[in-house]
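Input: a single structure, listed below in structure tokens.
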Amino acid sequence: MIARTAYAVNRGFVSPKRILLLAFNKDAAEELQERVGQRLGAVGIDSFGIRASTFHSFGLDVIGHATGSKPRTAPWLDEKQGQEVLQSIVDSLKNTSTDFKYKWDFFRLLMANAPSAPDSGEPDAYDRTTKEIGLRTFDGKNVRSGGERLIANWLYLNGIEYKYEHPYSFRTASATHSQYRPDFYYPEADLWHEHWGLDRDGNPPPNFTSYLDDMEWKRQTHKSNGTMLAETTWFQIVHGYGFAELEAKLNQFGIQTEWNPDRPKLGGDVIESVELCRLLRTFMAHMKSSKLDQKQIEQRLRSTHQNLAGSRTNLFLEIYWQIERAWNQKLREEEYIDFEDMLSIAADHLESGSYTPPYDLILVDEFQDASQARARLVRGLLKEPNKYLLTVGDDWQAINRFAGADISIMTDFKDWFGAGYKLELTTTFRCSQNICDVSSSFVSKNPRQIRKVVRSNSDENGPLVQVMQSDDKTEAISKVLDKISNETRSNDPKPGTKKPSVFVLGRYRFDKDILPKTFPENLKVSFKTIHKSKGLEADYVIIPNVSNEKYGFPSAIKDDPVLGLAMSQSDDYEHAEERRLLYVALTRAKSQVTLITAPG
């Protein structure tokens, strides 16, 4: 970007005061402004008037010039404070509305973890009596599928007595079949219940062999023996009428529900309020960046996003609209504006022509992190003829979806800005070729990532990415640090030179808690989250928690499918964002990367 700026000025294509460089944060903008002055000044090129700015600062200026009144962004919009404000809004709504409280608890405890398909649900428990793995329920039982766990948790929270896979009251065992055990039995009403793994079209997953025949046999068994059978399907529970039909059936047999979200949870994966607030804030960022309203979302559910239509999405939206209204009301009362609305309003002014900024050459950094609102703002700068755009970014490092970033803006660049030249910067001045090869192969498994071949400018060709297996992550970090310390000590640098640097990179901030208390004296060791490490480098990198725990890496907290409603195009490749996040972590290292995982 600096070189392009210098070239444009030196050749007389664009005067300095008509050049705008846009960055995503204040530090990057200040660095760009400093480098422009230093680099251009060093070769005698005039840089006076060149502007480097954040999107936010520039957007506020656009609104100020267009309306004569420059707004102020709320001081509580960073990730941590924004979620705290959202949580306070939720608490207030829960205190003033029993309906909101019920819907919030119902979604958080049940539907937030609803299985995404009839055969989805990762085992997370082991029954020592039956020697079987399964999924743990709130009341400590071990069930076979995500759908069964969802129903078991609903029954428990409603105080309904049930038995899981209780032997059928009539003998059905034969030489080829064991005794029939329906999914649920309600002793109070002598009622049996089968939950079928059927999708929207009434079909079981392809790997469920003879499933429809088994369903028919079970139905006939109940019919011939005169036993009463309740039936539910995955689609009905998650996307149909929810639990309404099951509750009506139970009521018919004299079983009443007593909803209590505060019942003690002996097992199961409970979504905490902070996690649901994080999802809602991300959804809001994409909604506002895409400038979507309730009518447009309803239209999407009727057309392009029919796969999301149903009770689960409706419940989420009923919660979201109330929170969005309260969020916007707080902004109005305090006479603030949030980042997403500000960028969207600024883009509106550029698109309508109510303000035309005096820039002919626009250069944008970290373009893989662009939101729809940022993309609209950039496109608005190009309305008039003889405007020029250079964007720089790496879609392999698109890791800010939680903040509203939309990778499709970069991968579908021509749809946004028209045809243009693409220059691939394929030389890295950081990693060894081995790290380049491993990381590139890993991230490009996703077919939606832009293909390129990365070459290292480094002479170092150290070992491949290493994996250490250990039950004690703290001890494992110590062993890796001692090994690095001993290897570098034998090649001790001369006095006064820098110590070898080591990044311990965590998926979450609290991964810092597993660091050892002391580090080798000849190493410079620091902890960072992977998100915060972007743009930085170290000689060595340690990634200490590559495991399939809830807060492991890749994170077991998957993106909720409902986010796709607010985005132009979803990236449904498995672990897509987590895969890019690991690529960023791997490529922070100059010499060597060690991943620490559990045995097996």
Among the helices (runs of 4 or more DSSP H) lying completely within the stretch 407-460, list those that include at least 1 residues that are in contact with a Cys (Cβ under 7 Å, 6 or more places away or on another chain), crowded, with 17+ Cβ neighbours inside 10 Å and at pLDDT 90 or above. none
Of all residues in the stretch 202-236, which are touching a helix residue (DSSP H, G or I) at 6+ places or on another chain (Cβ under 9 Å), closer than 20 Å to Leu250 by Cα and crowded, with 17+ Cβ neighbours inside 10 Å? Ala230, Glu231, Thr232, Thr233, Trp234, Gln236
State whether the residues of the stretch 17-38 include one that is touching a Phe, Trp or Tyr at 6+ places or on another chain (Cβ under 8 Å), closer than 24 Å to Ala375 by Cα and exposed (fewer than 15 other Cβ atoms within 10 Å of the Cβ). yes
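Scanning for something of a type in the set (Lys, Arg), farther than 14 Å from Ala230 by Cβ and in contact (Cβ under 8 Å) with a residue 12 or more places away in the chain, does the stretch 126-135 turn up at least one residue?
no
Could you tell me whether Glu194 is of a type in the set (Asp, Glu), touching a residue at least 40 places away in the same chain (Cβ under 8 Å) and closer than 28 Å to Glu161 by Cα?
So Glu194 does not fit the description; no.
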So the helices (runs of 4 or more DSSP H) completely within the stretch 1-96 holding 3 or more residues that are of a type in the set (S, T, N, Q) and at pLDDT 95 or above are 79-96
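Could you grab me the full set of residues in the stretch 535-545 that are buried (at least 19 other Cβ atoms within 10 Å of the Cβ) and of a type in the set (D, E, K, R)? Steps first, please.
Step one: of the stretch 535-545, the residues buried (at least 19 other Cβ atoms within 10 Å of the Cβ) are 538-545.
Listed by number, the list holds a single entry, Asp539.
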With respect to the numbered conditions (1) touching a helix residue (DSSP H, G or I) at 6+ places or on another chain (Cβ under 8 Å); (2) of a type outside the set (Gly, Ala, Ser); (3) surrounded by fewer than 20 Cβ atoms within 10 Å (Cβ to Cβ), which one is the sole condition not fulfilled by Phe253? (1)
Name every residue in the stretch 47-57 that is more than 14 Å from Asp341 (Cα to Cα) and aromatic (Phe, Trp, Tyr), in order of residue number. Phe48
Quick one: what pairs do we get from the stretch 224-252, first residue over 17 Å from Arg200 (Cα atoms), second modelled with pLDDT of 95 or more and polar (S, T, N, Q), C-beta under 6 Å, 6+ apart or different chains? Leu246/Thr232; Glu247/Thr257
How do the helices (runs of 4 or more DSSP H) wholly within the stretch 307-386 filter down when requiring 1 or more residues that are crowded, with 21+ Cβ neighbours inside 10 Å and outside the structural domain of Gln294 (by TED's automatic domain parsing): which remain? 339-352, 372-380
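Of all residues being among the small types (Gly, Ala, Ser) and more than 30 Å from Arg302 (Cβ to Cβ) in the stretch 547-586, which is surrounded by the most Cβ atoms within 10 Å (Cβ to Cβ)? Just the residue, please.
Here is the first cut: in the stretch 547-586, the residues among the small types (Gly, Ala, Ser) are 547, 552, 555-556, 564, 566, 568, 570, 576, 585.
Within this subset, residues satisfying the condition of being more than 30 Å from Arg302 (Cβ to Cβ) are 547, 552, 555-556, 585.
Working: Ser547: 16, Gly552: 17, Ser555: 16, Ala556: 15, Ala585: 28.
Across the stretch 547-586, the extreme among qualifying residues is Ala585.
The values are calculated or read from the model by the stated rules, or taken from the named source; none is laboratory data. These numbers were taken from a predicted model, which means no experiment stands behind them. Here the Cβ is made from the backbone with ideal geometry for all residues, glycine too, and neighbour counts use every protein chain on show.
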